[in-house]
Amino acid sequence: MNRKPRPAGKSSCSSKLLSDWHRHLITRRQFLLAAAGSSLAALFPLSSDAAAEHRAKPAATPDPWPVIDAVQQHLFPTEAEAPGAREINALGYLQFVITDNTLDTEDREFISKGVVWLEDMTFQMHKTSFINLDEKDREKVLRRIASSEAGENWISTLLLYIVEALLTDPVYGGNTKQLGWKWLQHVPGYPRPPRDKTFLRLLS
């Protein structure tokens, strides 16, 4: 489905919507992980053969960033007349956010934990890493992950930060060359934050 540009609403309205979305995700995440635990088997019931294979597979902690980059590009691909995750530097923005000491530690851990879930599921389904899959197989794996409420929450969390990268001031690492604003025909407010007065610097 092609994405059509739409005029952006007021910045305050967008910020409130994103804040409400984020708060809802955190609330659901806390409930789901408390109820099901954090293991892949608890979140995604496996057949006996798959469970045995999963137990036999050596434990590994993948570098999360190439995997997250691949997921972001699949969720928000580049189109002929619309920027994608790569163009708006969604990965760089998320890395910027993750280094923010004001971010809830649980948020940071949840994003990393989701990469492990995804890689485990990909191994079960395709015997390789998510980054090695083609578009069709990536879609299958992500839909399988989304079949769990916790997995759906993880994907929604990544989408939230992609939207933030699309709308943020470029000083925070996303929205490279204001491509998101231009696509949405958004005129930013003034004054814009200079690099030496971003909110992280003001809080430090």
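What follows draws every value from the coordinates through simple rules; no lab data is involved. As the structure is a prediction and not an experimental result, all values here were calculated from the model.
In the range 64-203, the convex hull through the Cα atoms has an average projected area of 9.1 nm², a quarter of its surface area.
Apply the a/c threshold of 1.5 to the C-alpha gyration tensor of the range 88-157 and tell me whether it is rounded, prolate or oblate. Show your work: numbers first, answer last.
Values: a/c = 2.24, a/b = 1.71, b/c = 1.31.
Prolate, because a/c is 1.5 or more and a/b exceeds b/c.
Pairs of lysines in the range 64-203 whose Cα atoms sit within less than 30 Å of one another amount to 7, provided the residues are eight or more positions apart or on different chains.
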